[in-house]
Amino acid sequence: MADRLTRITTALAVGIVAVIAAVISYRHAYELVRTHGETGFTARLVPFTVDGLIWAASMVILDASRRKQRVPTLAKWSLAVGIVATIGANVAHGLNHGPTGALVSAWPALALVGSFELLMTLTRNAASQARTPEQAQSAEPALMEPEPGHTKVEHNPEQAVLADYVASLNGPGKPLSQRALAERHGIDRRKVKQIITTVAQT
C-alpha cells in the first residue's frame, strides 16, 4: 500500500511539473517562432511538433523496453533531436536578456524533459513489477512435486516403470500389475512385460 501511494504521489507531482513546464516552454517557443517569420496558425503549431516528436520517440522507447526488444535507433535520435530543439528554442528566447536570461528561459524546457523521462521511468517500473507475479505464477507448475505413489521420470518411461516395479516388490502388498504400470506411464503392456521379465531374470 505504501509503495503504491508513493508511486501515485510521485506521478502526480511529476505530472503537475510537466504541465506547468510545458505551458511555459510552449509560450517561449511560440514567441520565438513568431518573431522569426511565422504568424497565425502556423506559429501556434510549430512548437507542438517539437513536443510531439519527444512524446512519440519516448513512447517507442517505452514500448521496446516493455517488450524487452532493442530500442530503434531512429527513436533514440528523434528523442535527442527533440530535446535539443526544445532547449535550444528556450535558450534563444532568453538570449536578449543575457546569459542569465537564457538559463532562466531554458529551465522550463529542462524541467519538462526531466519530468517526462521520470514519468516514463515510473511507467516502466510499474510494468516490470506487474510482470513479476505473472511470471512467478506461470513458473509454479514446474515446481510442483509429483503426486504420492508416482515415480518422477528422470530419463525415459522404461526406467520409470522399472523403478516403480522394483519399489512395489520391496513394499507391502502385491507387486504392481502390468496393466497398472502401463496405465500409469502410458506405454504398451507388452513393453511393460518385457521390462518385468528382465527384472525377474535378473
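The values are calculated or read from the model by the stated rules, or taken from the named source; none is laboratory data. Everything quoted here is computed from the prediction, not taken from an experiment. Cβ coordinates were reconstructed from backbone atoms using ideal geometry, including for glycine residues, and neighbour counts include every protein chain displayed.
Side notes on the structure shown:
- Selection of first residues in the range 10-38 that are in the same structural domain as TRP55 (by TED's automatic domain parsing) and of second residues that are of a type in the set (D, E, K, R) and not in a helix (DSSP H, G or I), restricted to Cβ pairs under 8 Å at least 6 apart or on distinct chains, gives an empty result.
- Subset of the range 79-92 that is surrounded by fewer than 18 Cβ atoms within 10 Å (Cβ to Cβ) and over 25 Å from the mean Cα position of the chain (by Cα) - its residue that is farthest from ILE24 (Cα to Cα): VAL81
- Taking the criterion of being within 34 Å of the chain's Cα centre (by Cα) and either buried (at least 20 other Cβ atoms within 10 Å of the Cβ) or not in a helix (DSSP H, G or I) (or both), the residues of the range 93-114 that qualify are ALA106, PRO108, ALA109, LEU112, VAL113.
- Which numbered condition ALA18 misses (of (1) loosely packed, with under 14 Cβ neighbours inside 10 Å; (2) at pLDDT below 85; (3) within 13 Å of ALA109 (Cα to Cα)): (1)
- The range 68-78, subset surrounded by 13 or more Cβ atoms within 10 Å (Cβ to Cβ) and under 20 Å from the mean Cα position of the chain (by Cα), residue nearest to GLY52 (Cα to Cα): ALA75
- Any hit, the range 119-128, residues being under 35 Å from the mean Cα position of the chain (by Cα), assigned to a helix (DSSP H, G or I) and at pLDDT below 50: no
- Within the range 17-30, the presence of a residue that is among the aliphatic types (A, V, I, L, M) and farther than 13 Å from LEU112 by Cβ is excluded.
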